[in-house]
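Have a look at the structure below before the remarks.
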Amino acid sequence: MKAQESFKHDPEVQVLLATDAAGEGINLQRAHLMVNYDLPWNPNRIEQRFGRIHRIGQTEVCHLWNLVAEETREGDVYRKLLDKLEQARQSLGGQVFDVLGKLQFEGKLLRDLLIEAIRYGDQPEVRARLTTVVEHALDRDQLQDLLEDHALAHDAMDLSRVQRIREDMERAEARRLQPHYIESFFLEAFRYMGGSARQREPRRYEITHVPAPVRNRDRLIGIGEPVLPRYERIAFEKPLVTLQGQPLAAFVCPGHPLLDSVIDLTLERHRDLLKRGAVLVDERDSGTQSRVMFYLEHAIQDASLTRSGERRIVSRRMLYIELDADGATRHVNYAPYLDYRPLAKGEPSVEALLDRPECAWITRELEKKAQGHAIVNVVPEHLAEVRGPKLALIAKTEAAVKERLTKEITYWDHRAEQLKLQEQAGRTGARLNSGEARKRADLLQGRLQKRLEDLKLEAQISPLPPVVLGGMLVLPKGLLMAMTGQTAAVSAAPADTQASAARARAIVMEVERSLGFEPTDREFSKLGYDVESSVPGTGKLRFIEVKGRVTGAPTITVTRNEILYSLNKPDDFILAIVEFLDGDSHRVHYMRQPFQREPDFGVTSVNYDFRELLDRATVPS
């Protein structure tokens with residue numbers, strides 16, 4: 001594993017020498033040149049090996065050299081096979097390699113065919129027959145039949161299930177964590193730990209030194225690829241991983257060992273800061289009722305163990321539980337604190353705020369209430385979301401492992417018996433004896449049992465209790481204004497604001513229905529948009545943020561979360577502006593791709609010129 005990662009990301013490692021074990025299951029897009037020194041008995045293995053470098057993400061033209069011994073009988077057969085494969089590839093495309101493993105040469109494996117060439121290839125009639133066998137095996141019609149049979153083995157899903165899966169994928173992509181956040185956090189935290197990362201191309205960095213604490217932490221918590229001492233390039237956005245003419249970059253995202261180690265060290269050193277809590281201000285709430293929000297960490301584990309002996313975490317999620325003075329408790333889906341700001345200088349102190357009658361309901365019991373709500377309502381949802389797909393994947397993997405290894409075990413069992421009978425008959429001198437064949441069968445049997453046991457442990461999925469990491473007091477802007485003597489200026493604003501926002505959403509939803517879509521109001525889910533509109537029959541979604549303003553208003557305020565959602569799904573996000581005219585009349589404007597970049601790290605909202613946005617908007621479509 002370390003040799004593989006070093007070859008991919010260490011600029012000092014230029015050549016990887018590998019056995020046939022590197023022929024499947026690994027990604028080596030950094031390379032684009034491959035030499036097969038020892039050709040496999042199964043021609044399908046050639047394509048499997050080549051697939052390590054010729055795969056999605058490769059930016060260079062790949063070249064493969066197959067070394068064949070000249071003027072040898074088996075070399076002549078193999079060269080004929082390779083020539084015919086090239087002809088078939090040109091005729092049928094790359095699909096021919098999907099069925100190479102199913103090829104039969106008059107009922108024989110390629111290995112047996114090559115052995116026959118070695119033994120009897122000097123006889124002209126044998127050589128001619130072997131050539132005919134190879135040509136017939138790679139006949140275009142026969143290959144086409146194999147491809148059609150191969151294509152029949154697919155799962156089928158009804159249209160409604162396909163649409164539901166697509167909608168879930170659309171929602172997941174819309175609320176994914178922005179690479180901008182990961183990049184900002186990692187670079188600052190990595191520098192704080194003594195590391196150095198230098199930008200070489202736009203948003204691509206070279207790491208010349210990974211500090212020892214980061215590498216040591218990976219040895220404790222890591223279960224996959226190791227953390228390297230240096231990285232030629234890292235990137236935080238997938239399109240930047242492979243660029244034409246540039247080195248392959250490591251994709252640093254949740255799950256990458258380098259990022260996981262930095263996060264774990266940061267939490268270990270600064271977790272106490274979360275427990276101290278914070279006071280934040282909601283600029284969009286003109287009311288006077290405070291709220292309390294707790295942030296909890298919830299993890300789901302399986303029964304397999306990490307290198308430190310602890311059970312492996314398969315999913316970890318931050319939960320945000322909000323409570324108000326009326327006793328209502330709800331789960332907020334998206335990180336809401338991004339839309340809040342900290343207390344500014346000159347605003348009331350924490351002590352003064354807690355002495356207000358609006359905050360008298362805040363007690364220590366709220367933490368237990370938030371935790372109980374998460375256990376009853378949120379944990380089962382998280383568990384179901386993880387367990388279903390995970391168990392389905394494990395079942396498919398188990399079936400594939402059994403099929404592949406059972407075939408190999410059966411072959412070596414049979415081979416061992418054949419060799420044993422030959423030895424009993426006095427025919428010795430074979431390169432492989434029955435004992436070695438039996439040993440291979442036993443090793444494969446052990447591998448099968450070990451893999452099945454590992455999969456059984458992976459299937460034992462269970463939730464851990466949610467852990468409260470910290471909390472925050474959320475103050476509405478109206479309460480702060482009341483404490484500074486500005487109550488009269490905002491006394492009627494909350495009802496007016498909520499009513500106009502609800503009216504604007506209703507207008508936009510009616511527009512969506514008239515366009516043939518199926519809208520759903522998502523305002524109270526706090527997802528980062530107001531309306532989710534389904535495109536019938538496709539599973540695609542339109543994410544609509546609604547802003548209602550009186551004509552002539554100076555600005556429109558957009559929160560950080562709303563901007564991030566628009567950047568996650570730029571082609572499917574719409575900023576809908578409802579312009580209220582005189583009386584009950586109105587105009588609706590749609591603006592696509594309204595925002596071009598994420599706001600700076602400390603910004604909670606951005607004001608845009610109302611007239612400028614209208615000039616860029618179009619009629620709803």
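The values are calculated or read from the model by the stated rules, or taken from the named source; none is laboratory data. Keep in mind it's a predicted model, so treat the numbers as computed, not measured. Please note: Cβ atoms are built from the backbone with ideal geometry, for glycine as well, and neighbour counts cover all protein chains shown. The protein model used for the area step is the full one, side chains on, heavy atoms only, and it has no ligands, DNA or RNA in it. Shrake-Rupley method; radii C 1.70, N 1.55, O 1.52, S 1.80 Å.
Side notes on the structure shown:
- Rounded FRET efficiency, nearest 0.05, which uses the C-beta distance separating Leu67 from Arg317 and R0 of 60 Å: 0.70
- Estimated at the nearest 10 Å², the accessible area of His32 is 60 Å² with a 1.4 Å probe.
- The spacing between the stretch 318-340 and the stretch 427-482, judged by their C-alpha centroids, is 33 Å.
- Taking 0.36 nm per residue of sequence separation and removing the Cα-Cα distance, the Tyr608/Leu273 pair yields an extension gain of 117.2 nm.
- Here the gap between Lys450 and Arg203, fully extended at 0.36 nm per residue and compared with their Cα-Cα distance, gives a gain of 84.7 nm.
- Rounded to the nearest Hz, the phi-derived 3J(HN,Hα) couplings of the stretch 476-485 under the Karplus curve 6.51 cos²θ - 1.76 cosθ + 1.60 (θ = phi - 60°) are x, 4, x, 5, 5, 5, 5, 5, 9, x, where x marks glycine and proline.
- Among the listed pairs Lys477/Lys569; Lys368/Lys477; Lys275/Lys477; Lys8/Lys569; Lys396/Lys456; Lys2/Lys390, those beyond 19 Å (Cα-Cα): Lys477/Lys569; Lys368/Lys477; Lys275/Lys477; Lys8/Lys569; Lys2/Lys390
- If R0 is 35 Å, the Cβ-Cβ spacing of Gln593 and Ala344 corresponds to a FRET efficiency of close to 0.60.
- The chymotrypsin sites (Phe, Trp or Tyr not before Pro) found in the stretch 576-619 that occupy coil by DSSP, while having at most 13 further C-beta atoms within 10 Å, are Phe601.
- Using the average count of surrounding beta-carbon atoms within 10 Å as a protection proxy, the listed peptides 340-346, 434-440 rank, highest first, as 434-440, 340-346.
- Largest to smallest accessible area among Leu338, Leu64, Leu33 [probe 1.4 Å]: Leu33, Leu64, Leu338
- Among the trypsin sites (Lys or Arg not before Pro) within the stretch 27-66, those in coil by DSSP and having at most 14 neighbouring Cβ atoms inside 10 Å are Arg55.
- Stretchable slack from Ala21 to Arg230, in nm (0.36 nm times residue separation minus alpha-carbon distance): 72.7 nm
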